[in-house]
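Comments concern the structure below.
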Amino acid sequence: MAGPCAVESERQLLQTAETVAAAGARVLRGGAYKPRSSPYAFQGLGIEGLKLLSKARKQTGLAIVTEVMSEEDVGLIAEYADIMQVGTRSMENYSLLEALGQCGRPVLLKRGMTARLDELLRSAQVIAASGNPEIILCERGIRTFETATRNTLDIAAVPVLKTVSRLPVIVDPSHAAGVRSLVPVLARAAAVVGADGLLVEVHPDPDKALCDGAQSLPFEQFEAMMHDLRRYAAISPAFEDARPQPVTAGGAN
Ligand code: PEP
Ligand code: MN
């Protein structure tokens, strides 16, 4: 899954969609409703962004994943998106999770930045218990004392979640790293520990991006990463065979 942090314009989105599709992506990401840390930052194009995403799907055949921040937007966004993204800041928004139980679309559930894995699984259970078992779990880095990266990628989350749950698990190396130079190597690590997919930010001109430019890959770097990942994806572990001892996420500190 790849694409810009935020949908900014038709040109930006369609160029990115064509490029990531040609490089092997299956899903186009792009935020139309953005949860920004500052109220003065770009908040997204809203419904115009959703329309551009649907145009990009038509043009490339890519499925669309986009974030939903409020239960009030679930119906509207489900009309445009193939996968509904729950952001890190919303993992514990239970009214949103309950509404997503009835949305008729798979949900990509991001780990809260200070959430344990058992808490992530509990949020997944809220969606499932509300009627929707189609959930993809996403490790996107957690907040720790370390400041060298934007977040700390908890790489062990992948084998732990794969062992205790049957849900697909993906990794977002972009929000974990915060800088684009680290994205390909974190993506490699994710592939090797058995992640089922990646969520990666890509932008035609990252230094001019309205959102998360520092961690967004320009086209050439995304293409190079996709090429490099092929051999690592081939050596992913089989989790059915990797259950010697039952692991209970969050059982002990
Ligand atoms: C995003 O995917 O652009 C995003 C806002 O991610 P997160 O919720 O992980 O910060
Ligand atoms: Mn982003």
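Assess whether Arg231 counts as being more than 18 Å from Ala22 (Cβ to Cβ), buried (at least 18 other Cβ atoms within 10 Å of the Cβ) and among the basic types (Lys, Arg). No: the conditions fail for Arg231. For segment 26-64, the set of residues classified as assigned to a loop (DSSP other than H, G, I, E, B), within 15 Å of ligand 1 (Cβ to nearest atom) and in contact (Cβ under 8 Å) with a residue 24 or more places away in the chain consists of Gly30, Ala32, Tyr33, Lys34, Pro35, Arg36, Ala41, Phe42, Gly44, Leu45, listed by residue number. Filtering Glu67, Glu10, Glu18 for residues that are in contact (Cβ under 8 Å) with a residue 24 or more places away in the chain, of a type in the set (Asp, Glu) and surrounded by 24 or more Cβ atoms within 10 Å (Cβ to Cβ) leaves a single hit, Glu67. Could you tell me whether Leu97 is closer than 23 Å to Val200 by Cα, open to solvent by less than 30 Å² (accessible area, probe 1.4 Å), touching a residue at least 12 places away in the same chain (Cβ under 8 Å) and not in a loop (DSSP other than H, G, I, E, B)? So Leu97 fails the test.
From the set of residues in segment 195-211 that are part of a loop (DSSP other than H, G, I, E, B) and away from ligand 1 (no atom under 12 Å from the Cβ), which is surrounded by the most Cβ atoms within 10 Å (Cβ to Cβ)? Working first, answer last.
Within segment 195-211, the subset part of a loop (DSSP other than H, G, I, E, B) is 195-196, 199, 203-205, 209-211.
Pick out the ones that are also away from ligand 1 (no atom under 12 Å from the Cβ) and you get 195-196, 204-205.
On the way: Ala195: 27, Asp196: 16, Pro204: 19, Asp205: 12.
Step by step, filter segment 195-211, then rank; the result is Ala195.
In segment 100-114, of all residues being of a type in the set (Gly, Ala, Ser) and touching a Ser or Thr at 6+ places or on another chain (Cβ under 8 Å), the one that is farthest from ligand 2 (Cβ to nearest atom) corresponds to Gly101.
A Cβ distance below 6 Å, combined with a sequence gap of six or more or placement on separate chains, defines the contacts here; from segment 212-227, residues that are of a type outside the set (Asp, Glu) and open to solvent by less than 40 Å² (accessible area, probe 1.4 Å) reach residues that are away from ligand 2 (no atom under 16 Å from the Cβ) and assigned to a helix (DSSP H, G or I) in the pairs Phe219/Thr19; Met225/Pro184.
Before we move on, is Arg29 of a type in the set (Lys, Arg) and within 16 Å of ligand 2 (Cβ to nearest atom)? Working first, answer last.
Details: of a type in the set (Lys, Arg): yes; within 16 Å of ligand 2 (Cβ to nearest atom): yes.
Judged against the criteria, Arg29 is a match.
Number of residues in segment 152-186 that are within 15 Å of ligand 1 (Cβ to nearest atom) and in a helix (DSSP H, G or I): the value is 9.
Might you let me know whether segment 122-135 holds any residue that is of a type in the set (S, T, N, Q) and within 16 Å of ligand 1 (Cβ to nearest atom)?
The initial filter retains those residues of segment 122-135 that are of a type in the set (S, T, N, Q), namely 123, 125, 130, 132.
Now restrict to residues that are within 16 Å of ligand 1 (Cβ to nearest atom): 123.
Within segment 122-135 (the criterion being of a type in the set (S, T, N, Q) and within 16 Å of ligand 1 (Cβ to nearest atom)), the answer is yes, since at least one residue qualifies.
The values are calculated or read from the model by the stated rules, or taken from the named source; none is laboratory data. Quantities reported herein were computed from a predicted structural model and do not represent experimental measurements. Please note: Cβ atoms are built from the backbone with ideal geometry, for glycine as well, and neighbour counts cover all protein chains shown. Quick note on the areas: whole protein, heavy atoms, side chains included, nothing else; ligands and nucleic acids left out. Shrake-Rupley method; radii C 1.70, N 1.55, O 1.52, S 1.80 Å.
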